[in-house]
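A quick write-up on the structure given underneath.
The values are calculated or read from the model by the stated rules, or taken from the named source; none is laboratory data. In this text the structure is predicted, and so the values were computed from the model without any measurement. Cβ sites come from the backbone with ideal geometry, for glycine too, and all protein chains shown count toward neighbours. In case anyone asks, the SASA skips ligands and DNA or RNA and just uses the protein heavy atoms, side chains included. Shrake-Rupley method; radii C 1.70, N 1.55, O 1.52, S 1.80 Å.
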Amino acid sequence: TYTGYDDSWDFNKFRNNFKIKIIRRESREIEFDMIGVDTPFANAFRRILISEVPTMAIEEVFLYNNTSVIQDEVLCHRLGLLPINIDPRLFEMKGEGVEADAKNTLQFKLKMRCKRNKKAPTGTTNPEEIYTNTKVYTRHIDWEPLGNQREWLKGGVKFCHDDILINVLRPGQEIDMTMHAVKGIGSDHAKFSPVATATYRLLPEIQLLKEFRGAAAEKLKSCFSPGVIEIENGVAVVKNARLDSGSREVLRHPELAEGVKLLKLRDHFIFTIESTGAVDPLELLREAVKVLKGKCEVYRKELDVLTT
């Protein structure tokens, strides 16, 4: 409990104050403000994004041959971390002991053998010119449709990036394997986590308790991140507190510290979600809301049982 702050929860207050504002949206990243909630709610949302929104990832590797320098288990682990560009909502969870089929599994094939390039330029020392198939990338992995998958996955299935380096081979070395990707969540294994990062921070609030002019204004401006403090008509003003990195540099200068108050808005969270590429970040936001609603429904039903 903080002095002067009401921690009690009221539904009408929550309904009137709760807002989500999309600030920036890119193909792999989204920044939005979540306003009118407490830290436990915001943190629950962050944890759901990391560990409870499902994706598809390689779970089983049938390794027929691997004569590369990377050990079998290390190679398989690397394959599991490759993000697959497919909507996980199209698939079902594959239960233990359930056979792989078109609705719960994606199958991939990788077979490469490194050889010497007989047409390599004389005197070259570049391995990619001396050898063929020396570097194994995600673009070398082929999707093998199961059942009728080709009919309802018309765009095919690819990895989010086609230039992720998987292995390096030398003449005589080869890898030959089949892979099965299934649907899972990050709490089972980190490879299923749909986000590279999911973070939040409180919106900074900077109050100037006195007027700063001239050299003092310039010094105050230099204590903050660019764009936070600007000088207008010779006076320092707070232009955009959102850009503040929280360095507290200003507190090192007694002549400035007494005129500045650094605060955080306790119910205003700045969220940043960076997708691995498998799912659009805005869709991740929507799916996390669905998961949270589902948890609330379970909790509500348990309360109903206790009160009857």
| message | If I go through region 240-271 residue by residue, how many of them are over 9 Å from PRO204 (Cα atoms) and in a helix (DSSP H, G or I)? | response | 8
| Right, LYS13: at pLDDT below 95, surrounded by 14 or more Cβ atoms within 10 Å (Cβ to Cβ) and not polar (S, T, N, Q) or not? | no
| task | Take the residues in region 240-259 that are acidic (Asp, Glu) and open to solvent by 40 Å² or more (accessible area, probe 1.4 Å), then tell me which one is nearest to the chain's Cα centre (by Cα). | result | GLU249
| field | Leading residue by the ranking (farthest from LYS261 (Cα to Cα)) among those in region 229-239 that are assigned to a loop (DSSP other than H, G, I, E, B) and either open to solvent by 70 Å² or more (accessible area, probe 1.4 Å) or modelled with pLDDT of 95 or more (or both) | value | ASN233
| field | Which numbered condition ASN117 fails, given (1) surrounded by 13 or more Cβ atoms within 10 Å (Cβ to Cβ); (2) within 22 Å of THR276 (Cβ to Cβ) | value | (2)
| request: Show the residue pairs that are 6+ apart or on different chains and have beta-carbon atoms under 9 Å apart, the first residue being within region 251-271 and under 16 Å from VAL228 (Cα atoms) and of a type in the set (Phe, Trp, Tyr), the second being open to solvent by 80 Å² or more (accessible area, probe 1.4 Å) and at pLDDT below 95. | output: none
| When you scan region 122-223 for strands (runs of 3 or more DSSP E) that lie fully inside it, which ones turn up with 3 or more residues that are open to solvent by 50 Å² or more (accessible area, probe 1.4 Å) and under 30 Å from MET93 (Cα atoms)? | 195-208
| query | Taking region 38-97 as the region of interest, how many residues are charged (D, E, K, R), farther than 19 Å from MET177 by Cα and surrounded by fewer than 17 Cβ atoms within 10 Å (Cβ to Cβ)? | reply | 6
| field | Any helices (runs of 4 or more DSSP H) falling wholly within region 1-95 and containing at least 1 residues that are within 18 Å of the chain's Cα centre (by Cα) and closer than 21 Å to CYS160 by Cβ | value | 39-51, 72-80
| field | Every residue from region 90-143 that is farther than 23 Å from SER68 by Cα and polar (S, T, N, Q) | value | ASN104, THR105, THR122, THR124
| Neighbours by Cβ (under 9 Å, 6+ apart or cross-chain): first from region 79-97, among the basic types (Lys, Arg) and at pLDDT 95 or above; second open to solvent by less than 30 Å² (accessible area, probe 1.4 Å) and not in a helix (DSSP H, G or I) | none
